[in-house]
Structure formats: structure tokens, C-alpha cells
1. When N is the residue count of segment 1-118, what does its C-alpha Rg come to as a fraction of 2.2 N^0.38 Å?
2. Suppose each label sits 7 Å from its Cα in the direction of the beta carbon; what would the Lys105-Arg5 distance come out to in nanometres?
3. Lys288 to Arg59: FRET efficiency via 1/(1 + (r/R0)^6), r the Cβ-Cβ distance, R0 45 Å, to the nearest 0.05?
4. Students often check this: by mean Cβ neighbours within 10 Å, which of 187-195, 228-236, 126-134 ranks highest, and how do the rest follow?
5. Before anything else, pin down the relative contact order of the chain: Cα pairs under 8 Å, at least 6 apart, normalised by residue count, whole percent.
6. Can you send over the carbon and sulfur percentage of the accessible area for segment 128-188, probe radius 1.4 Å, protein chains only?
7. Contour minus end-to-end for Leu19 and Glu274, with contour as 0.36 nm per residue of separation and end-to-end as the Cα-Cα distance?
8. Would you mind checking which residues have amide H under 5 Å from Val134's amide H? H placed 1.01 Å from N; only 5 or more apart, or other chain.
Amino acid sequence: MAKVRKAVIPAAGLGTRVLPATKSMPKEMLPIVDKPAIQYIVEEAARSGIEDILIITNRGKGLLEDHFDHAPELEQRLEQTGKWTVLEEVRRITQLANITYVRQKETKGLGHAVYCARRFVGDEPFAVLYGDDVIVGEDPACGQLIRAYETFGNGVVGVREVSPEDISKYSSLKVSPIRDNYFACTDMIEKPGPGEAFSLYSILGRCVLPPEIFRILEHTQPGAGGEIQLTDAMRELARRDGMTAVAFTGTRYDMGSKLGVMQAGVENALRHPEIGEAFRAYLKELAKQL
Ligand code: UTP
């Protein structure tokens, strides 16, 4: 079985739920304390054994490219002033993976964004990490899905149970338990209407797909919201070949929503080695007034 070496990170959405912050920069560049969301995602992919990453861009392409590139003037200044720790961190970012970029010329949906990666992917299985879904955990979520792909040999989706009130905003999967946190998935629907949901299991932010997905995406018509939905293409794959759903471990932050951005900031500030303690004291004090 071919090894999963490549990953695609779609980061070309309009980010309308977090406007006006995203008017001139992609939501993937929103910081969680001192690190942009996209860096968490690239680090997760690298920790999962991914070597080559394609980021699908739109506006703010320059910002994304610059973040993962050398910054000679900055590095020189940090060297001169002896700020070695931060210099090391700034240089480490440039070495996380081989990163290339392709522009999605029209914002036609996540399925269309992934379709833009067909030349980069070629004839190999690949991981997709949604650019606005940050997952923090010991065992990288992408790696958990890759292990499932290696075990079961078909496409894999990362899932979580969502609340009955929220299911209409996400996808809903038809699943049956295999063992542990693995499920067999045979059907799915994007943004189910009343009575249409299969279950409360929804795809959240990660999948591993065989290259056949591109042959499906070629003819996938616009679906929910008038966008070409990746879920619609995966539905065809799931119905035909079956897919594996993995209830991954880790804490997920939706950087496409205002609440998600704040939760990511607060929780990661509490864990932060430099400001964690001071922030905890501040938060305790603040909580007394709530
Ligand atoms: P979302 O549907 O959450 O992104 O897509 P959005 O369209 O920016 O959301 P709104 O406007 O706030 O509702 C999930 C991921 O897919 C990417 C997004 O950047 C995000 O990482 N995406 C979405 C694309 O790359 N291209 C698209 O056409 C749509």
C-alpha cells in the first residue's frame, strides 16, 4: 500500500464568519497567542510523517508564503541581539516541510479547492487538513487517520459527535462500529435538513483520501450553499468503496468562528510556557467579576 506522504491544506475560504479580521488576511493566519493557526496545522502534518504540503490559497497568499519562508533581515537582527531561542523558532518554521502553493481562482467550495491539488497529488493517497480546524493533542490527528488508512485500506474521515442543534451546520455520517474508535462509514450528507441526518457523527477537519476522489470531483455538482462540497464527493466514495471514520483524540478549535478563535486563545494561553502562569492569575481575578 502506498505511503501517505502528501497533504493538502485548503486555506482559500472567504472567512465571512470572522469578518472584518479576514477582510485582508486569511483566517488561517489568525494567531493563537503567538502562532498563526496554519502553523499548528503544518506542524501536525509534519509530526504525522507528511513530507510535502500544498496550501490552497486565495487572498493573503503573500502572508502565508512569507510565514514559512526565511526572513533574512529579522534573523540577522535576532542574531545581533542574541535572541537565540526566538531565532531558532523563526528558523524552525522554514524547515517543517516542503511547502508549495496553488491559487484557487474562484471560491467555489472545499471540494473545488481540493480538486485544485490534483497535479500535486498525482496517483497517491493524501491527507486533507482543513485550514481553519486546529487540533491540539499528543497524538497528531492526521497521524491517527493515516494509521487507519494503513489498517483498513480505504478513505478515512476524522469524526466527532456534535450536538443535535449543530448537526445541520455540519455533515452527518451513516456509521457502524468496527472497534475502538473506528467506524465503517457507508453514506453521508452535508448540512442535513430536518429528518435527514444519519447520526450525530460529523466530519471535522481531517481526511485521508485515495486519488480516485479527483475522478469523482470532476463531475461533482454544486451542493449545499451552491458550493462544490467535498462531502458530496466523499459520499460517492463511501457508497461505492466504504470509508473508515476515526473518532480522533485531541482538542479541536474552529478558527472559522469567533467563539472558536477565543477558546483557542484562552486555552492555549493557559498552557503557554511564557505567559501561562500570569494569564491564569489574570483570568481567576477576572472570573470573580463575571
Ligand atoms: P469553510 O466553509 O469553513 O470556509 O471551509 P469559509 O467559506 O471561509 O467559511 P465562512 O465564509 O466563514 O462560512 C473550510 C475550509 O476550506 C477552505 C477554507 O479556507 C477552510 O479552511 N475553503 C473553503 C477553500 O479553500 N476554498 C473554498 O472555496 C471554500
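1. 1.15
2. Spacing of the two 7 Å Cα→Cβ label points: 3.0 nm.
3. 0.60
4. Ranked by mean Cβ neighbours within 10 Å, highest first: 126-134, 228-236, 187-195.
5. 22
6. Carbon and sulfur atoms account for 47 percent of the accessible area of segment 128-188.
7. Once the chain is fully extended between Leu19 and Glu274, it gains 88.8 nm.
8. Tyr253, Met255
The values are calculated or read from the model by the stated rules, or taken from the named source; none is laboratory data. Predicted, not measured: the structure shown is a model, and the values here were computed from it. Positions of Cβ are backbone-derived with ideal geometry, glycine not excepted, and every protein chain shown enters the neighbour counts. Note: areas computed on protein heavy atoms with side chains; ligands, DNA, RNA excluded. Shrake-Rupley method; radii C 1.70, N 1.55, O 1.52, S 1.80 Å.
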